[in-house]
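The values are calculated or read from the model by the stated rules, or taken from the named source; none is laboratory data. From a predicted model like this one, the values you see are computed outputs, not experimental measurements. Cβ placement follows ideal geometry from the backbone for every residue including glycine, while neighbour counts extend to all protein chains displayed.
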Amino acid sequence: MFKQLYFSFVDSDYESEKLLLMVKKFANSESRIVDVGCGYGRNLRMLINAGFENVIGVEINTEIIKENIRRNLPCMSVDEFNSAAENCDVILMSHVIEHFSPFNLKEFIDGYLDRLNVGGYLVVATPLMSDYFYDDFDHVKPFHPAGILAVFGIGKAQVQYYSRNKLTLKDLWFRKSPYRPSYYKEVYLKTRFSRLVQLASFLGALIFRLSIRSVGKKDGWIGIFEKVTTV
């Protein structure tokens, strides 16, 4: 019961709504938007329904690509995207960058930024470190806005390598989620204390909702970066 009530208080669509509002600030209906690692097209559908007319998803999983196409969602493979001639105005990377090691991420982002017009925008949505960050088996590490700018920014931070594409930060939002118990075996196993742990999670979610999302833990962010030049 408490588990069901907990999820009834957690608005999973809130981040998506915020993501859409931030994209709308920097793009118009004719902007070419590429959703990298689009999965089953949740953000594709959201953007299309919001009136964006030139949206494409890029996905590595061939079965997911087939399913998206079957559902009339514009989606292509990485190879197809690399072969296309047209550049883009907005690149969206939603819950993608945390799956890379630092150097591989630099190469990954640079590869897509090569296809972003100067004056275009990279939109990043990603989690911060939390007690549940590694619940996702293939999460590698969290990245902060400052870390992205250390490599991709126009300054000269003391890092091992720099990107060939340069970005400036234009907008930033930090996501909050309810406080909830972690590192208790009752989170994973049913014991005589499981109800208490579930109750604690529910109370955290209730306080979060009643406080209008002000009492919670910052566990993610969305950043808008403008491409200013290519070295």
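State whether one or more residues within segment 118-127 are under 13 Å from E226 (Cα atoms), in a loop (DSSP other than H, G, I, E, B) and of a type outside the set (D, E, K, R). Please lay out each step first, then the result.
Just the residues of segment 118-127 that are under 13 Å from E226 (Cα atoms), to begin with: 118-124.
Cutting the leftovers down to in a loop (DSSP other than H, G, I, E, B) gives us none.
Within segment 118-127, not a single residue is under 13 Å from E226 (Cα atoms), in a loop (DSSP other than H, G, I, E, B) and of a type outside the set (D, E, K, R).
Given the condition touching a strand residue (DSSP E or B) at 6+ places or on another chain (Cβ under 8 Å), closer than 15 Å to G220 by Cβ and touching a residue at least 12 places away in the same chain (Cβ under 8 Å), answer yes or no: does some residue in segment 145-160 qualify?
Yes: one or more hits.
Suppose we filter segment 111-146 for residues that are within 22 Å of Y161 (Cα to Cα) and more than 17 Å from the chain's Cα centre (by Cα); how many remain?
So the answer is 5.
Please tell me if V140 is in a loop (DSSP other than H, G, I, E, B), in contact (Cβ under 8 Å) with a residue 40 or more places away in the chain and of a type in the set (V, I, T). Walk me through it before giving the result.
Details: in a loop (DSSP other than H, G, I, E, B): yes; in contact (Cβ under 8 Å) with a residue 40 or more places away in the chain: yes; of a type in the set (V, I, T): yes.
Yes, satisfied.
So, in segment 194-219, how many residues would count as being farther than 15 Å from S182 by Cβ and hydroxyl-bearing (S, T, Y)?
Number satisfying all stated conditions: 2.
Being of a type in the set (S, T, N, Q) and touching a strand residue (DSSP E or B) at 6+ places or on another chain (Cβ under 7 Å) is the filter; apply it to segment 34-82 and report the residue that is surrounded by the most Cβ atoms within 10 Å (Cβ to Cβ). Before the answer, list the steps.
Keep residues of segment 34-82 that are of a type in the set (S, T, N, Q), which gives 43, 49, 54, 61-62, 68, 72, 77, 82.
Pick out the ones that are also touching a strand residue (DSSP E or B) at 6+ places or on another chain (Cβ under 7 Å) and you get 43, 54, 68.
Working: N43: 24, N54: 19, N68: 22.
Looking at residues that are of a type in the set (S, T, N, Q) and touching a strand residue (DSSP E or B) at 6+ places or on another chain (Cβ under 7 Å), I get N43.
Considering only segment 165-204, state which residues are exposed (fewer than 15 other Cβ atoms within 10 Å of the Cβ), without any contact (Cβ under 8 Å) to a residue 12 or more places away in the chain and of a type in the set (S, T, N, Q).
T191
Select from segment 153-210 the residues that are polar (S, T, N, Q) and in a loop (DSSP other than H, G, I, E, B) and list them in ascending order. Reasoning before the result, please.
If we filter segment 153-210 for residues that are polar (S, T, N, Q), which is where we start, we get 158, 160, 163, 165, 168, 177, 182, 191, 194, 198, 201.
Those that are polar (S, T, N, Q) and in a loop (DSSP other than H, G, I, E, B): Q158, Q160, S163, S182, T191.
Look through segment 205-230, keep the residues that are touching a residue at least 60 places away in the same chain (Cβ under 8 Å) and among the hydroxyl-bearing types (S, T, Y), and return whichever of them is nearest to G120 (Cα to Cα).
T229
What is the residue count in segment 107-131 for residues that are closer than 16 Å to S177 by Cβ and surrounded by 16 or more Cβ atoms within 10 Å (Cβ to Cβ)?
Initially, segment 107-131 is screened for residues closer than 16 Å to S177 by Cβ, giving 125-131.
Remaining after also requiring surrounded by 16 or more Cβ atoms within 10 Å (Cβ to Cβ): 125-128, 130.
So the count comes out to 5.
Tell me which of these I207 doesn't satisfy, since it passes every other one: (1) among the hydrophobic types (A, V, I, L, M, F, W, C); (2) crowded, with 16+ Cβ neighbours inside 10 Å; (3) modelled with pLDDT under 95.
Only one criterion in (1) among the hydrophobic types (A, V, I, L, M, F, W, C); (2) crowded, with 16+ Cβ neighbours inside 10 Å; (3) modelled with pLDDT under 95 is unmet by I207, namely (2).
Answer with yes or no whether V215 is surrounded by fewer than 17 Cβ atoms within 10 Å (Cβ to Cβ) and of a type in the set (V, I, T).
Considered against the rule, which asks whether it is surrounded by fewer than 17 Cβ atoms within 10 Å (Cβ to Cβ) and of a type in the set (V, I, T), V215 comes out as yes.
Do we have F100 as of a type in the set (A, V, I, L, M, F, W, C), farther than 21 Å from I224 by Cα and surrounded by 16 or more Cβ atoms within 10 Å (Cβ to Cβ) here?
When the stated conditions are applied, F100 does not pass them.
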